[in-house]
Amino acid sequence: MTDQKKHENCDSASAKETCFDYAERKQFIQKLFKQHYRQMYRLATIFLHDDAESKDVVHDIFARLLDDHRDLREETAESYLLTSVRNRCLNVIRSRQIQERVEHLYLLDLDITISPTEHLDEELIALQKGIAQLVPPICHNIIIQHFRDGITFKEIACRMGVSETTVYKHLRRALNQLRTHLNNK
């Protein structure tokens, strides 16, 4: 709802009081924004190390203040705002950590595991055949260089004259092919 529409509905005494309160509150929040934005942004940047995310955190806090009808006093506004930034940043960090754990667990779930030792020779032979059949040949080269020779992805990218992203894409493709090969054997 726009400010103009909010003010158009100010016919009754209680509605006029509410509209007046909203206008005053909006001015007060604008004043707080001008006074504390830089400090809040710096604090968020210290926590998050990301400019865009820091700006989002600060803007979200002010947006919530506009919608929230809590009584915010000027004497306590600075500490309230900085505490809000800290708490919001900690939530963002916690969310990142959870996302990283989920991604890590997902990657662990995708790893090829070789189980019982009695089938080790069969599994290794099947794996070698799968590696030999990788298409395109760049997938084969990346698997050999990384897992057998212990070369980092960055070094492989430099040697092949491609980006690291390309190396990752081919590695993912190769692992998918190997997984399919081992599951079909």
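The values are calculated or read from the model by the stated rules, or taken from the named source; none is laboratory data. Note that this is a predicted model, so its numbers are computed, not measured. We place every Cβ from the backbone using ideal geometry, glycine too, and count neighbours over all the protein chains shown. Surface accessibility is based on the protein's heavy atoms, side chains included, excluding ligands, DNA and RNA. Shrake-Rupley method; radii C 1.70, N 1.55, O 1.52, S 1.80 Å.
Observations
- Extended-chain gain in nm, criterion 0.36 nm per residue less alpha-carbon gap, GLU24 and MET160: 42.6 nm
- TYR168 versus ALA132: modelled label distance in nm, points set 7 Å from Cα along the beta carbon direction: 3.3 nm
- Apportionment of accessible area to carbon and sulfur, the stretch 140-185, percent (1.4 Å): 50 percent
- Treating each Cα of the stretch 26-185 as one equal point scatterer and applying the Debye formula with no solvent, the log10 of I(q)/I(0) at q = 0.13, 0.16, 0.21 Å⁻¹ comes out as -0.74, -0.91, -1.26.
- A 1.4 Å probe over all protein chains sorts ARG94, ARG88 by accessible area into ARG94, ARG88, starting with the largest.
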